[in-house]
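Participant: One structure coming up, written as structure tokens, with questions to follow.
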Amino acid sequence: MNGSGVCSCGGATSEADLALRLDETIARYQSVPGGLIPVLQIAQGIYGHLPEPALLRICSGLNKSYSEVAGVVSFYSFFSTEPRGRHTIRVCLGTACYVRGAHRVLAELKQTLGIEVGQTTPNLQFTLEVARCLGACGIAPACLVGSVVHQSIKPNQIASILQSYE
Ligand code: FES
């Protein structure tokens, strides 16, 4: 499922269906101590991100204040209130990667995608992020696209790497 409410199987899912699934989840966790985080995780799985109406529904269903729920969402980096791309690109800016040109790779990605770090392309294909070390310093500069590591990247390889994910 992506942020537009379209399943990866190609079938459309209505807002009402999504809300129903969220309500079922809330009901399941209503009396479970610490149920807020699993509800948020499942809600993000349902919507692809955590839109405002879903957060309000969770507040009311779990009887929590908006500030409490919003505080949890902003504390954990894996929660997102904005739609995310199908593929998350993480450019390593750790020392080994940086000295081998990761900043030029990042600049090329920003220019090619037309977005800044933390943003998602309008077609919801890519979200751009940075990382501090991917544990792959020997193949620097490295970046992750989803769970795939790309190694020894040069700026002039960016276009073909992106094309392989289109
Ligand atoms: S510094 Fe980039 S992988 Fe370690």
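The values are calculated or read from the model by the stated rules, or taken from the named source; none is laboratory data. Model, not experiment: these values are computed from the prediction. Note that each Cβ is placed from the backbone with ideal geometry, even for glycine, and that neighbours are counted across all protein chains shown. For the accessible areas, the whole protein counts, side chains as well, though only heavy atoms, and no ligand, DNA or RNA atoms are used. Shrake-Rupley method; radii C 1.70, N 1.55, O 1.52, S 1.80 Å.
Participant: Mind listing whichever residues of the range 10-56 are within 20 Å of Ser74 (Cβ to Cβ) and assigned to a loop (DSSP other than H, G, I, E, B)?
Facilitator: Gly34, Gly35, Gly48, His49, Leu50, Pro51
Participant: Moving to a separate point now. Of the residues Gln30, Gln41, only one is farther than 30 Å from Ala140 by Cβ, free of Cβ contacts under 8 Å to residues at least 60 places away in the same chain, surrounded by fewer than 17 Cβ atoms within 10 Å (Cβ to Cβ) and more than 16 Å from the chain's Cα centre (by Cα); which?
Facilitator: When all the criteria are applied, what remains is Gln30.
Participant: Has the range 69-77 got any residue that is more than 16 Å from the ligand (Cβ to nearest atom), in contact with a Cys (Cβ under 6 Å, 6 or more places away or on another chain) and either within 19 Å of Gly146 (Cα to Cα) or not small (Gly, Ala, Ser) (or both)?
Facilitator: Yes, because at least one residue in the range 69-77 is more than 16 Å from the ligand (Cβ to nearest atom), in contact with a Cys (Cβ under 6 Å, 6 or more places away or on another chain) and either within 19 Å of Gly146 (Cα to Cα) or not small (Gly, Ala, Ser) (or both).
Participant: Shifting gears a bit: Taking Gly45 as the residue in question, decide whether it is more than 20 Å from Tyr165 (Cβ to Cβ) and within 16 Å of the ligand (Cβ to nearest atom). Steps first, answer last, please.
Facilitator: Values: more than 20 Å from Tyr165 (Cβ to Cβ): yes; within 16 Å of the ligand (Cβ to nearest atom): no.
It is false that Gly45 is more than 20 Å from Tyr165 (Cβ to Cβ) and within 16 Å of the ligand (Cβ to nearest atom).
Participant: Then there's this: Is it fair to say Ile161 is hydrophobic (A, V, I, L, M, F, W, C), more than 11 Å from the ligand (Cβ to nearest atom), open to solvent by less than 50 Å² (accessible area, probe 1.4 Å) and part of a helix (DSSP H, G or I)?
Facilitator: In short, yes.
Participant: Determine which single condition Gln111 fails, assuming it passes every other condition in (1) of a type outside the set (D, E, K, R); (2) out of contact with any strand residue (DSSP E or B) (no Cβ under 6 Å at 6 or more places or on another chain); (3) at pLDDT below 95.
Facilitator: (3)
Participant: What number of residues within the range 63-83 satisfy the criterion of being of a type in the set (S, T, N, Q), within 15 Å of the chain's Cα centre (by Cα) and assigned to a loop (DSSP other than H, G, I, E, B)?
Facilitator: Number of matching residues: 3.
Participant: Would you please name the residue that is nearest to the ligand (Cβ to nearest atom), looking only at residues in the range 99-153 that are outside any helix (DSSP H, G or I) and among the acidic types (Asp, Glu)?
Facilitator: Glu129
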